[in-house]
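Shown next, in structure tokens, is the structure this report addresses.
The values are calculated or read from the model by the stated rules, or taken from the named source; none is laboratory data. Since the model is a prediction, treat every value here as computed from it, not as a measurement. Cβ coordinates were reconstructed from backbone atoms using ideal geometry, including for glycine residues, and neighbour counts include every protein chain displayed. All accessible areas refer to the heavy atoms of the entire protein, side chains included, with ligands and DNA or RNA removed. Shrake-Rupley method; radii C 1.70, N 1.55, O 1.52, S 1.80 Å.
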Protein chains: 2
Amino acid sequence: MENLRSLFQVMTRRFGLLNKNCCSVGGCDISLIQSHILYEIDNQHNPSMQQIADTLGTDITTFSRQVQSLVKMNLVKKMPDPADKRISILSLTAEGKYIAGSIDQQMNSFLHEVFSQMNEFEKETVIRSIHLLNNAMAKSSACCKPFQG
Amino acid sequence: MENLRSLFQVMTRRFGLLNKNCCSVGGCDISLIQSHILYEIDNQHNPSMQQIADTLGTDITTFSRQVQSLVKMNLVKKMPDPADKRISILSLTAEGKYIAGSIDQQMNSFLHEVFSQMNEFEKETVIRSIHLLNNAMAKSSACCKPFQG
DNA sequence: GTTTAATACTTGCATCTTGCAAGTGAAATC
DNA sequence: GATTTCACTTGCAAGATGCAAGTATTAAAC
């Protein structure tokens with residue numbers, strides 16, 4: 001089999017660059033990490049700090065400070081869990097939802113442009129393949145332990 | 001079409017986490033960025049500083065300092081281009097090659113484990129798909145301008 | 001052929017990010 | 001009730017980042 005790593009390296013770097021350029025919405029500049037945090041808060045159900053930090057594979061202390069900034073920017077809300085007062089449940093404010101949605105839209109429109117290079121059959125094949133890959137990665141013990149979302 | 005972005009987000013994060021854990025070889029600890037630099041130096045032909053910095057989408061000043069560390073660690077060599085003395089050509093030292101190869105091996109063995117979850121047909125489909133994707137991204141104007149390797 | 005502009009880097013500085021260690025307070029275990 | 005564990009938060013020190021301003025070299029303009 002050919003060198004799998006270089007195949008993936010190229011792909012993920014390109015997607016990473018895409019992601020990097022997708023983070024400014026209006027006057028509001030969001031860092032790459034922050035956009036990932038917004039994304040995860042939006043996609044998980046009543047997530048705690050720890051959950052999102054684990055998902056993203058970032059240290060909880062760094063994460064704590066990132067969230068503090070997002071709270072200051074009025075994009076994220078932190079509510080103590082009524083059942084366990086140690087836990088902070090994260091959610092997006094209206095503004096946070098707007099920003100997250102905006103980034104999502106930008107990313108999707110770029111991706112659609114990329115996919116527009118392909119015919120229908122190719123598109124479907126590629127999408128199915130990524131699903132396969134994601135499932136295989138989720139099952140693999142070697143990698144990605146933190147993330148099981 | 002379903003939400004493409006979340007599909008890619010999951011995939012690239014998993015691969016990113018994989019990458020993150022692949023960077024220590026023996027006693028030598030390498031940061032993620034440094035491993036990317038080693039990879040690119042190894043894969044491009046007599047690359048200049050600017051070329052690699054562009055490929056990786058990092059600022060040239062940050063890159064300059066990263067390369068300085070790698071030179072100090074005796075993993076990278078910097079040679080002035082005889083034809084244009086402004087340019088520094090980068091190459092790996094023997095030790096740098098060893099480290100880069102080691103990381104490559106780790107990544108590939110993890111990827112093979114992931115692919116071992118699939119049957120032959122799925123494997124081929126997935127690999128072909130990533131090629132398709134990389135080609136489409138290379139053609140797209142929207143993204144990844146810096147990288148054309 | 002000298003001046004001007006552009007290129008390929010490098011350094012200064014100020015800011016942000018990172019993660020370990022050490023803390024707080026709350027829940028679970030003993 | 002004492003100890004341990006858990007979910008976070010802060011102190012610090014180290015590293016990463018990027019703009020501005022520098023050097024040296026090459027290319028372009030006049």
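Of the trypsin sites (Lys or Arg not before Pro) found in the range B:31-135, the ones in coil according to DSSP and having at most 11 other Cβ atoms within 10 Å of their Cβ are B:Lys85, B:Arg86. Here the range A:22-139 is treated as a sphere whose radius is the Kirkwood value from Cα pairs; by Stokes-Einstein at 20 °C and 1.002 mPa s it diffuses with a coefficient of 134 µm²/s. Between this copy and the others, label points of B:Thr62 are 1.2 nm apart in ascending order, each placed 7 angstrom from Cα in the Cβ direction.
Annotation for the range B:95-124 versus the range B:15-90: alpha-carbon center distance of 21 Å. When the Cα gyration tensor is reduced to axis lengths a ≥ b ≥ c, the ratio a/c is 1.5 or higher for the protein assembly as shown, and with a/b above b/c it is classed as prolate. Proximity of backbone amide H atoms, modeled 1.01 Å from N, is registered between B:Val76 and B:Val71, B:Thr93 at under 5 Å, excluding neighbours fewer than 5 places apart on the same chain.
The sum of -39500 (n - 2.57) across all DSSP H runs of n ≥ 4, divided by the residue count of chain A, sets its helix-only mean residue ellipticity at 222 nm to -20500 deg cm²/dmol. Over the protein assembly as shown, what percent of the accessible surface lies on carbon and sulfur atoms, probe 1.4 Å? About 52 percent, which is the carbon plus sulfur part of the accessible surface.
Residue of chain A with the Cβ closest to the rotation axis carrying A onto B, and that distance rounded to whole Å: A:Ser129, 2.
Projecting label points 7 angstrom from Cα along Cα→Cβ for A:Asn46 and A:Gln105 puts them 3.1 nm apart. Give the calculated FRET efficiency between A:Met73 and A:Glu2 to the nearest 0.05, with a Förster radius of 51 Å applied to their Cβ-Cβ distance. So the FRET efficiency works out to roughly 0.70. For the range B:60-122, a crude dipole built from +1 on the beta carbon of Lys and Arg and -1 on the beta carbon of Asp and Glu, taken about the Cα centre, is about 700 debye to the nearest 20. In this structure, B:Lys97 and B:Ser24 have a Cβ-Cβ separation that, at R0 = 25 Å, corresponds to a calculated FRET efficiency of about 0.90. Scalar couplings 3J(HN,Hα) for the range A:78-88, obtained by applying the Karplus form with A = 6.51, B = -1.76, C = 1.60 to θ = phi - 60°, are 10, 10, x, 5, x, 7, 8, 5, 6, 8, 10 Hz; x denotes Gly and Pro. For A:Val25, nonlocal amide neighbours, meaning residues 5 or more places apart or on other chains whose placed amide H falls under 5 Å from its own, are A:Ile30. Association of chains B and A removes close to 6400 square angstrom of accessible area from solvent, both sides included, for a probe radius of 1.4 Å.
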